[in-house]
Every structure is written in C-alpha cells, then in structure tokens.
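Down below is the structure, laid out as structure tokens.
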Amino acid sequence: MSEGQRTGRRERKKAATRAAIVQAAHELFLERGFDAVSVREIADRADVSPTTVFTHFPTKEALAFGDEDVRHDRLVAAVTDRPPGTSISAALKAHYLAEITALGSNPEQPILALMEQTPALVEYAERMWFRHEDALIAAITKEFGHPEPSDEIRFYVRFALQIQLSATRTADPESAIDAGFRLLDEGWLRYQGQLH
C-alpha cells in the first residue's frame, strides 16, 4: 500500500469519526437539550473515548457547529473568488443572503432552533463568527497590495461581520444586510478612492 493510500484511508477514517461524533452530539442535544448532555455521553453514543471527542472538537459547544471550517472557507472564498468587477461588499452581501437562505431550508433545522435557544451556543456562535476576521483582513490586505492591514481594513471587516450577525436576529435579514452595507460602504468607498 502506498503512502498516499494510507494517508487517504487515515483521512477518511478521521472524517467518519468526526461525522459520527457530530451525529451523536446532535441526537443527544435534540433529545435532552444541550446543557443536560455530557461529553462522556456523546463519546459513548459515538463509540469513541472522550479524549477522541476532544481531539476533534476543543469544546462541547464546538460539537454543535461541526461545519465551522467549511463556513470559514466559504466566507473567505466569497471575497477571494468573487467575479471580476464585483465589489467586496457586494460579494459579502450575496454570501450572507445565500447562507441565511440555506439555513432556512436546512434539514438540520431542529438543531439550529436548539442553538438559538441555548445562550452558551449563541455566545459561542458569535465568537466563532469573529474568528474569521483575521483571514478576511489578510485576504483584503493582500488584494490591495499592502504589506500590513490598515485600520480601515480592520474596521471594515469587523463591521461587515457584525452586519451578518445583526441580520440573523431580525425578521427581514435582507433589509438589514442592505442597510448595514449601505452605511458601511459610504466610508469604505471613500477609503478605496484614496488608494488610487
């Protein structure tokens, strides 16, 4: 067996273990609520040790968000892979709306509802969302050809991320996203004009 085949099998086994842990956690959270479930119970249901659970997920809260890496990659790609002529704000707006629409039709709707009703998960989700900040700052800084990010780029990214969080808490996310970027873009467009 080649090294590549061994690595491939190892990665598949790792992904399967991770998926089993997430499924076990979600089942238990839905049965009894997030706070009533222990990591040991999740490990038992997934047929792994608690140590294995923590190898894949640093905290119990992280188990509710098994797709964190995927969401991170999609967010950064929305900026770095946007079509030519599309502004950063337009790309982020389209991404936010697509994500919110996808959440509304997500087959895991019950787990999403549980997350919204659990203060520890709401707080974790917000912290998790702002973990994307550095990657977005780096992508925009690179695009502008700066050696270091400017204060304007840092503030733009922080405010742009805040728009999505605020929009998910409103009855009309599309209107909230439009309003947020309308305000943000006034200053951002002025800053971009100064670069040319």
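Translational diffusion coefficient of the stretch 108-196 at 20 °C, 1.002 mPa s, Stokes-Einstein with Kirkwood Rh over Cα pairs, in µm²/s as a whole number.
Diffusion coefficient, whole number: 146 µm²/s.
Computed from the C-beta positions of Asp151 and Arg12, the FRET efficiency with R₀ = 35 Å rounds to 0.20.
Once the Cα atoms are used to define both axes, helix 151-167 deviates from the longest principal axis of the chain by about 60 degrees. Using a 1.4 Å probe over the heavy atoms of the protein chains, calculate the carbon and sulfur portion of the accessible area of the stretch 8-163 as a whole percent. On the stretch 8-163, the fraction of accessible area on carbon and sulfur atoms equals 55 percent. Ordered from highest to lowest accessible area with the whole protein assembly present and a 1.4 Å probe, Lys142, Lys60 read as Lys142, Lys60.
For the chain, the longest principal axis of the alpha carbon atoms and the long axis of helix 119-130 meet at an angle near 50°. Accessible area per residue was computed with a 1.4 Å probe on protein heavy atoms; Arg131 scores about 110 Å².
All C-alpha pair distances within the stretch 27-83, sorted into 10 Å bins from zero, spread as 21, 41, 21, 14, 3 percent across the bins. With the convex hull drawn around the C-alpha atoms of the chain, the volume per residue stands at 161 Å³. Its convex hull of Cα atoms gives the stretch 1-98 a direction-averaged projected area, equal to a quarter of the hull surface, of 9.2 nm². Given the C-alpha centroids of the stretch 14-39 and the stretch 63-95, what is the distance between them in whole angstrom? Cα centroid of the stretch 14-39 versus Cα centroid of the stretch 63-95: 27 Å apart. Measure off 7 Å from each Cα along the Cα-to-Cβ vector at Arg32 and Asp73, then give the distance between these two points in nanometres to one decimal. Modelled inter-label distance: 3.4 nm. The heavy atoms of His146 offer some 50 square angstrom of accessible surface to a 1.4 angstrom probe. Between the helical axis of 88-104 and the longest alpha-carbon principal axis of the chain there is an angle of about 30 degrees.
Across the stretch 23-40, rounded Karplus estimates of 3J(HN,Hα) from the backbone phi angles (6.51 cos²θ - 1.76 cosθ + 1.60, θ = phi - 60°) give 4, 4, 4, 5, 4, 5, 4, 6, 5, 10, x, 4, 5, 7, 9, 9, 5, 4 Hz, Gly and Pro being marked x.
Which of the pairs Lys14/Lys142; Lys14/Lys93; Lys14/Lys60 have their Cα atoms more than 28 Å apart in this structure? Beyond 28 Å between Cα atoms: Lys14/Lys142; Lys14/Lys93.
Measuring with a 1.4 angstrom probe and ignoring ligands and nucleic acids, Asp81 comes out at about 110 Å² accessible.
The values are calculated or read from the model by the stated rules, or taken from the named source; none is laboratory data. Keep in mind the model is a prediction, meaning the values are calculated, not measured. All Cβ positions, glycine included, derive from the backbone under ideal geometry; neighbour counts span all protein chains shown. These area figures cover heavy atoms from the full protein model, side chains too; ligands, DNA and RNA do not enter into them. Shrake-Rupley method; radii C 1.70, N 1.55, O 1.52, S 1.80 Å.
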